[in-house]
Each structure stands twice: as C-alpha cells, then as structure tokens.
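The values are calculated or read from the model by the stated rules, or taken from the named source; none is laboratory data. Note that the structure is a prediction, hence the values are computed from the model and not measured. A quick note on method: Cβ atoms are made from the backbone with ideal geometry, for glycine too, and the neighbour counts reach across all protein chains shown.
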Amino acid sequence: MYNAQEVAAAGECLRTARKVSIVSHQRPDGDAVGSALGLALALKAAGKQVVVALADGVPTTFRHLAGADEVVSQGDPSADCRVFVDCGDVGRGGSAWQADWPVDVNIDHHKTNTRFAAVNIVAPHAVATAAMLAELLPAWGFPLPVEAASALLTGILTDTIGFRTSNVTADALRLAADLVDRGAPLSELYFKALVERSFEALRYWGQGLSRIQREGGLVWTSLTLEDRRISGYHSNDDADLVGYLVSVRDAAIGVIFVEQPDGTVKVSWRARSGWDVSDLAVRFGGGGHVPAAGATVPGSLDDVQRKVLAATRALLNA
C-alpha cells in the first residue's frame, strides 16, 4: 500500500524530533483539520512539542476538536520535523508556509500531489489523509488517545461524506471502527461535521439554490459577495453546498462558483462515480481527487463561469 522506505523515513523523522511543525491547506476542510490535529495530539501524547498552522484558521464546524484553540497562522521552519498533511502542493499552505522553506514529510491522498517534500507518502486510493494516519501512527509506535482518534475519525467522516463515497472499502470501515474502539464518539462527530449548520449558512445556501441551473448531467450555481452580505455568512467558502448539487437525480457533475473579494473565484467540482474532475481542476490551477476537486481562478464571476462550464461540458460530451 505504501512505499516501505518512505514510511520508515517519515517515522524516523517524527520519532527523533523534539519539535514538529504541521501544516495543511488553505480553507481547511475536515480532513485537513482532522489530520493535522490527529497527528499533533498523537505526537503530544508521546512527549513532542508540536505547532499546527493553518493559514485560514479552524472553521467553526471543527472547533470542538481538541487542540483547535492552539492552531496558529504560520508554521515553524526551525522545527526538527516539518510535515504537511492533506495538501497536494506546497503553495496550498498559503501564508502558513513560505514556498522556499523546506518540508521534510508530505502525507496526502490527493491524486494531483506534486511530491514536494524530502519524504512523500502519497496514497490516492486512501479515503482520507486521516485514514492514512490512523494506519501509520500506530505502525510508527505513537499512541492514539481518544482526542486524536476523534480528530482522525472526523477527517474520515468528512472526506467520505459519512462513508458514502464510492472509494469506501471494508478496510476504511475497519479503520473507522478501530477509532471508535479507541473512544471516538461516532454519532456526535458525525452530527457536528456533516449535519449541524449555522443559521447564516442555511440562508447562504438559499441564495445559491435560488439560481441553480441544469444542463443535461451538469448542475451548477454561484455565490456572490452580495449573497454573503445578505445572509450574514462570513467565511469565503460555499458552506458545503457543492456536495448537494451532484445529488440531483441524473446529475453527473456539480460545480459551484464562489466570488472572492480579491478578484478571484473559488471553483469546486463534485462528480458521481465514473467521472474524473481532478484534471479539470489542474487545468485551472488547482487540484484534488477524482470525484472532488477545486481551483481558485482569477477573473470576474461571469468570465470564470463561462470558461469553467465550457471545459466541464467538453468533459461530459467527450
């Protein structure tokens, strides 16, 4: 499953380090947060000093996880072992890590990972980076206290949308069951990560759903800066609305366009089994997985929609 030499090298880096710096990607999702905190809590239980850095902080949805209140905005390049988790490209770390700072270990499951570290453990078949860590940490001899298990289970839950993605296997379910055996409260974590929403997020969804469009197997919508103002939603994401677009009957690919204040548009794709949207994301400067990918594209909302929809139609018609 993994390259044995890479696994051994990563384990050695973590075991011998006194201080570890952990970074994940901008606009962190549940796997980014869960992987970073799960790894950090396991290392702290082993007596390590750990710094977790996320350029955009921890989203409200995941602030109940242990260690969330200790996350900082920039990593420590002087740490003994510098680790990226759930991040396909060093640039995706954003302001948390300068591009010329070295990275010792890269643990990820994105198909589009650029293998930017000295040691790269990249497994695109894994359901989540958190699932990889749930396997690797015990193999490296690190403890998994209940707080670390809860963070890792959150990463698995969110990236599989509650075990509903087509890549979920019996092995992935066994990993989740092992985390539950270690004390992770499955029903509570599921509700927090996948069910509970703020009132403002639902109002924001309403703005996007009011302009949803469909053309054959393609379903899309957009969220503007004005939508954010009207709804009172303060984050720069789509509040996870994109995952529901592809739930439309007979839809193949869902796309959402989120206008950003810096003159860019955040584009997210979701696809049903049999469709690969990761290459589309790469064409627009992003990356991701076969069924879920994204990119931040310069330009106006109208221009970006036109270009991205044309490319997505071409994929569907190929």
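Return the residues of the stretch 283-305 that are over 21 Å from ASN236 (Cα atoms) and at pLDDT 95 or above; say none if nothing qualifies.
ARG283
Return yes when LEU241 is surrounded by 19 or more Cβ atoms within 10 Å (Cβ to Cβ), closer than 24 Å to TRP275 by Cα and in contact with a strand residue (DSSP E or B) (Cβ under 8 Å, 6 or more places away or on another chain) and no when it is not.
yes
In the stretch 127-169, what residues are under 17 Å from the mean Cα position of the chain (by Cα), farther than 22 Å from ARG272 by Cα and of a type in the set (Val, Ile, Thr)?
Within the stretch 127-169, just THR154 meets the criteria.
Output the residues belonging to the stretch 259-286 that are under 17 Å from the mean Cα position of the chain (by Cα) and within 24 Å of GLY206 (Cβ to Cβ).
LYS266, VAL267, SER268, TRP269, ARG270
Exactly one of these conditions fails for VAL265: (1) touching a helix residue (DSSP H, G or I) at 6+ places or on another chain (Cβ under 6 Å); (2) part of a helix (DSSP H, G or I); (3) of a type in the set (Val, Ile, Thr). Give me its number.
Only one criterion is unmet by VAL265, namely (2).
Kindly evaluate VAL304 against the criterion of being over 21 Å from VAL58 (Cα atoms), assigned to a strand (DSSP E or B) and not hydroxyl-bearing (Ser, Thr, Tyr). First the steps, then the outcome.
Working: over 21 Å from VAL58 (Cα atoms): yes; assigned to a strand (DSSP E or B): no; not hydroxyl-bearing (Ser, Thr, Tyr): yes.
Taking the combined requirement at face value, the residue does not satisfy it.
Would you confirm, using the coordinates I've provided, whether ILE156 is in a strand (DSSP E or B) and buried (at least 22 other Cβ atoms within 10 Å of the Cβ)?
No.
What single numbered condition from (1) among the basic types (Lys, Arg); (2) outside any helix (DSSP H, G or I); (3) closer than 23 Å to VAL58 by Cβ fails to hold for ARG249?
So the condition that ARG249 fails would be (3).
I need every pair where a residue in the stretch 161-172 that is surrounded by 13 or more Cβ atoms within 10 Å (Cβ to Cβ) has its Cβ under 8 Å from the Cβ of a residue that is assigned to a loop (DSSP other than H, G, I, E, B) and aromatic (Phe, Trp, Tyr), sequence separation at least 6 or different chains.
Matching pairs, first to second residue: ALA172/PHE163.
Only one of PHE191, PHE163 is assigned to a loop (DSSP other than H, G, I, E, B), modelled with pLDDT of 95 or more and under 30 Å from LEU137 (Cβ atoms); which?
Every option except PHE163 fails the conditions.
Being part of a loop (DSSP other than H, G, I, E, B) and surrounded by 19 or more Cβ atoms within 10 Å (Cβ to Cβ) is the filter here, so list the residues in the stretch 80-110 that pass it.
Correct list: ASP86, CYS87, GLY88, ASP89, TRP97, VAL103, ASP104, HIS109, HIS110.
In the stretch 1-44, what count of residues is obtained for those that are part of a helix (DSSP H, G or I), closer than 16 Å to LEU152 by Cβ, in contact (Cβ under 8 Å) with a residue 24 or more places away in the chain and not polar (S, T, N, Q)?
Step one: filter the stretch 1-44 for residues part of a helix (DSSP H, G or I), giving 4-16, 30-44.
With closer than 16 Å to LEU152 by Cβ added as a condition, the list becomes 14, 30-44.
Narrowing further to those that are in contact (Cβ under 8 Å) with a residue 24 or more places away in the chain: 14, 30-43.
So of that shortlist, the ones also not polar (S, T, N, Q) come out as 14, 30-34, 36-43.
Residues flagged as part of a helix (DSSP H, G or I), closer than 16 Å to LEU152 by Cβ, in contact (Cβ under 8 Å) with a residue 24 or more places away in the chain and not polar (S, T, N, Q) within the stretch 1-44 amount to 14.
This table checks each residue for (1) free of Cβ contacts under 8 Å to residues at least 24 places away in the same chain; (2) under 19 Å from THR296 (Cβ atoms).
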residue	(1), (2)
PHE191	yes, no
GLN207	no, no
GLU215	no, no
LEU218	no, no
LEU223	no, yes
TYR233	no, yes
